[in-house]
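The values are calculated or read from the model by the stated rules, or taken from the named source; none is laboratory data. The structure presented is a predicted model; accordingly, all values stated were derived computationally and were not measured. Please note: Cβ atoms are built from the backbone with ideal geometry, for glycine as well, and neighbour counts cover all protein chains shown. Ligands, DNA and RNA are stripped out before the accessible areas are found, and what is left, the full protein with its side chains, is counted by its heavy atoms. Shrake-Rupley method; radii C 1.70, N 1.55, O 1.52, S 1.80 Å.
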2 protein chains.
Amino acid sequence: MTHTGVTAPRGFAAAATTAGIKASGKPDMALVVNEGPEYTAAAVFTRNRVVASPVKVSRAALADGSVKAVVFNSGNANACNGAQGDKDAREQAALVAAELGLADGDVAVCSTGLIGDLLPMDKVRAGITELARALDPDAGSAAAEAIMTTDTVSKQAWAQRDGWSVGAMGKGVGMMAPSLATMLVCVTTDASASAQALDEALRKASKVTFDSLDIDGSTSTNDTVILMASGASGITPSQAELDDAVAQVCESLAQQMQSDAEGVTKRVTITVEGTSTDEQALNAARTLGRDNLFKCAMFGSDPNWGRTLAAVGMADADMDPEKISVYFNAHAVCVDSTGAPGAREVDLSGPDIDVRVDLGTGGPGRATVRTTDLSHAYVEINSAYST
Amino acid sequence: MTHTGVTAPRGFAAAATTAGIKASGKPDMALVVNEGPEYTAAAVFTRNRVVASPVKVSRAALADGSVKAVVFNSGNANACNGAQGDKDAREQAALVAAELGLADGDVAVCSTGLIGDLLPMDKVRAGITELARALDPDAGSAAAEAIMTTDTVSKQAWAQRDGWSVGAMGKGVGMMAPSLATMLVCVTTDASASAQALDEALRKASKVTFDSLDIDGSTSTNDTVILMASGASGITPSQAELDDAVAQVCESLAQQMQSDAEGVTKRVTITVEGTSTDEQALNAARTLGRDNLFKCAMFGSDPNWGRTLAAVGMADADMDPEKISVYFNAHAVCVDSTGAPGAREVDLSGPDIDVRVDLGTGGPGRATVRTTDLSHAYVEINSAYST
């Protein structure tokens, strides 16, 4: 397949270039352009109150339910750079708009990388000129590579439907936490869909995919997921059909992100049930997923269910402290808050660990969070990032 | 000084023994007895809803404001052992009471170690007999050693006043989090003080010492801090004098615990100010102290203030996202949410790192949390604990 990722649906072109922002000399800028005939769009952004300059620009661009292009750079987050950072992000959008004959407000901006260094705007300006020249309906894969930071593999997804499709690219490996993770995601579709329909599909999908990723409890200043529709297929799917296809590509990207999380040696899926509400179940699942003692035990393939109980016991969720049950890879290791026979012998040596916790109230609340173990590699990667 | 730690104040005897609970063959049981003439006491316990059996027993024993003895074991937390665990903890208290001619309700029980294994009660019974025989007014140091788990040093403190004193022993290295940490602490005084006065002094001291320790966001099922007064000095200090002396020993133990935290290479003190309330400042300080990306940066001596902003931006605290300032070791590294000149060159290579964050609202809220870095040794220690 030559048309992959964001350029799989009709009506989209992409480009990638090496502007020199990354010291490594790897590709570090990308552009995705919606060539129409329609230009509806929706987005979800970080919930962090400290937001990067590109997020401010993109929020403004998306406010009218339409964007025609998204420019990406990796290697520099353009976050916490004050008024100059805002000015630089606006200039990125304006330069793209000028190259493509668009209004400034038609262009969203996504940046990822180190926080607190000013963008090298001379390199960025030259890069944007290069990107505009290189636009290509086959460049989805190249664009996906150009947005990588500590990702070890590029991440794309595609959902084919009858006469229309959804494509996507994403990056994200660290700072993965509630409400997105450090991720940049661009989803495209050639379906015809209103901005409202796109917004609904994206919010539903994010909630059960990207929002369920909680790798290290950290939440980026730059998280952005943008969905653009070109209408080039001439087909208007039902909301349910759109929801389904968008959810499919988001699920694929979320799985790829979990598998490529910084320092991951185990993919850990935590499901909490038996509490009053889904929200409480999510609180408990996140509390466990962020507990370093639990995460270290997972790294050691150690069925240490005691730490599981100690962690969920601190969660903001209804529970019966004497009736909690824990299952590792479907083996009961703790029943009624007491160890089950053979619990210490459960085999957790594989790369996937499934953890299920029943908080014992009999309530209908249920939620799943995807996290990883806490490994030496995580410490190594994150102890020598900026220097 | 022959009389140290819990046996420094008059009216207390202690004992330690090797009952064989620990596979290492190191001392694993201790006893502290108040020989009077008074027997007032106060305690604070874990806020975890999953509580160990000994905590249940100790809560009941302390309910009347008096205990005469505390029995400790290390190597087994007796947590999550169901009805048998409760029965075993009650038996520990009853055996000590029988040996010493006390009522069962005069004895508190503290256990620390692995969660989820039943206590080897044959060994515990023999150990209690041994402890009762070995009671000695010089055994404070031996008792402090017998309650160690992964502690690398034993922890004692002493505050001498005019004619009376306060002594203490403690253990605690991992699972250190809000509301105590995995700690067992026994504080003794020969002052004459009502249970109410002791309770007030202990709560005040805990709030600014043990509660400010947040090593890894985990909170134990067993945390217990007990303060006992013998009145053997015949002196009744004022509440302020009592508060001060109790706070002094608690502060010393808290510092010792921070320095001995699992895998620590850096002691990190985080102060947050410039928000509406002290509680909000504490929320923000804890959020930062638990952020793994921040903690890894500290391990790497990396002045990565961007991660500091990203972490506090997610905290439940009033802030002006454009006016946040960050200081590392008193050097301004970020002013008005923008990097300060020379920020990347600040030297964090020493063992102590002081982090101050001003959230920029001008509000009076202020709080300090003591944490550590996230090191390879932390991962190593915690990935191979139960197996």
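Looking at the range A:52-86, which of its residues are aliphatic (A, V, I, L, M), within 14 Å of chain B (Cβ to nearest Cβ) and open to solvent by 30 Å² or more (accessible area, probe 1.4 Å)? Give the derivation first.
Step one: filter the range A:52-86 for residues aliphatic (A, V, I, L, M), giving A:52, A:55, A:57, A:60-63, A:67, A:69-71, A:77, A:79, A:83.
Okay, now just the ones that are also within 14 Å of chain B (Cβ to nearest Cβ), so A:52, A:55, A:77, A:79, A:83.
The answer is A:Ala83, and nothing else.
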Answer from A:Leu293, A:Leu309 - the residue that is more than 30 Å from A:Phe72 (Cβ to Cβ), touching a Cys at 6+ places or on another chain (Cβ under 7 Å), at pLDDT below 95 and not polar (S, T, N, Q): A:Leu309
The range A:100-128: number of residues that are among the charged types (D, E, K, R), free of Cβ contacts under 8 Å to residues at least 60 places away in the same chain and more than 14 Å from chain B (Cβ to nearest Cβ): 3
Meets criteria (basic (Lys, Arg), open to solvent by less than 50 Å² (accessible area, probe 1.4 Å) and in contact with a helix residue (DSSP H, G or I) (Cβ under 7 Å, 6 or more places away or on another chain)) for A:Lys155: yes
Residues being under 17 Å from B:Leu102 (Cβ atoms) and open to solvent by 40 Å² or more (accessible area, probe 1.4 Å) - total across the range B:3-51: 4
Subset of the range B:92-116 [assigned to a loop (DSSP other than H, G, I, E, B), modelled with pLDDT of 95 or more and not small (Gly, Ala, Ser)]: B:Leu102
Of all residues making up the range B:183-197, the number that are out of contact with any Ser or Thr (no Cβ under 6 Å at 6 or more places or on another chain) and part of a helix (DSSP H, G or I): 2
Within the range B:199-222, considering residues that are closer than 20 Å to A:Trp305 by Cβ and either more than 14 Å from every other protein chain (Cβ to nearest Cβ) or open to solvent by less than 20 Å² (accessible area, probe 1.4 Å) (or both), the one modelled with the highest pLDDT: B:Asn222
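What about A:Leu253, is it open to solvent by 20 Å² or more (accessible area, probe 1.4 Å), more than 12 Å from every other protein chain (Cβ to nearest Cβ) and either in contact with a helix residue (DSSP H, G or I) (Cβ under 7 Å, 6 or more places away or on another chain) or in a helix (DSSP H, G or I) (or both)? It would help to see each step written out before you state the result.
On the way: open to solvent by 20 Å² or more (accessible area, probe 1.4 Å): no; more than 12 Å from every other protein chain (Cβ to nearest Cβ): yes; either in contact with a helix residue (DSSP H, G or I) (Cβ under 7 Å, 6 or more places away or on another chain) or in a helix (DSSP H, G or I) (or both): yes.
When the stated conditions are applied, A:Leu253 does not pass them.
Starting from residues that are among the β-branched types (Val, Ile, Thr) and not in a helix (DSSP H, G or I), keep the ones in the range A:117-150 and report whichever is least open to solvent (accessible area, probe 1.4 Å).
Within the range A:117-150, the first condition is being among the β-branched types (Val, Ile, Thr), and the residues that meet it are A:124, A:128-129, A:147, A:149-150.
Add one more test, that the residue is not in a helix (DSSP H, G or I), and what stays is A:147, A:149-150.
Values: A:Ile147: 2, A:Thr149: 42, A:Thr150: 47 Å².
Per the criteria, the residue is A:Ile147.
Which of the residues that make up the range B:313-339 are under 17 Å from A:Ala77 (Cα atoms) and not acidic (Asp, Glu)?
Let us first name the residues in the range B:313-339 that are under 17 Å from A:Ala77 (Cα atoms), namely B:313, B:321-322, B:334, B:337-339.
Correct list: B:Gly313, B:Pro321, B:Cys334, B:Ser337, B:Thr338, B:Gly339.
Say whether the condition of being touching a strand residue (DSSP E or B) at 6+ places or on another chain (Cβ under 7 Å), modelled with pLDDT under 95 and of a type outside the set (Phe, Trp, Tyr) is met by at least one residue in the range B:117-124. Lay out the reasoning, then the answer.
Just the residues of the range B:117-124 that are touching a strand residue (DSSP E or B) at 6+ places or on another chain (Cβ under 7 Å), to begin with: B:117-119, B:124.
After this cut, where a residue has to be modelled with pLDDT under 95 as well, the list is B:117-118.
Imposing the further condition that a residue be of a type outside the set (Phe, Trp, Tyr) reduces the set to B:117-118.
Yes, there is a match, as at least one residue in the range B:117-124 is touching a strand residue (DSSP E or B) at 6+ places or on another chain (Cβ under 7 Å), modelled with pLDDT under 95 and of a type outside the set (Phe, Trp, Tyr).
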Residue check, B:Val225 β-branched (Val, Ile, Thr), under 30 Å from B:Glu35 (Cβ atoms) and either open to solvent by 40 Å² or more (accessible area, probe 1.4 Å) or touching a residue at least 40 places away in the same chain (Cβ under 8 Å) (or both): yes
Helices (runs of 4 or more DSSP H) contained in the range A:268-387 and holding at least 2 residues crowded, with 20+ Cβ neighbours inside 10 Å and more than 10 Å from chain B (Cβ to nearest Cβ): A:278-289
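Filter the range B:59-88 down to the residues that are under 30 Å from A:Ile324 (Cβ atoms) and out of contact with any Leu (no Cβ under 8 Å at 6 or more places or on another chain) and list them by number. Walk me through how you get there before you give the answer.
Going residue by residue through the range B:59-88, those that are under 30 Å from A:Ile324 (Cβ atoms) are B:59-63, B:67, B:70-88.
Scanning the range B:59-88 gives B:Arg59, B:Ala60, B:Ala61, B:Leu62, B:Ala63, B:Val67, B:Ser74, B:Gly82, B:Ala83, B:Asp86, B:Lys87.
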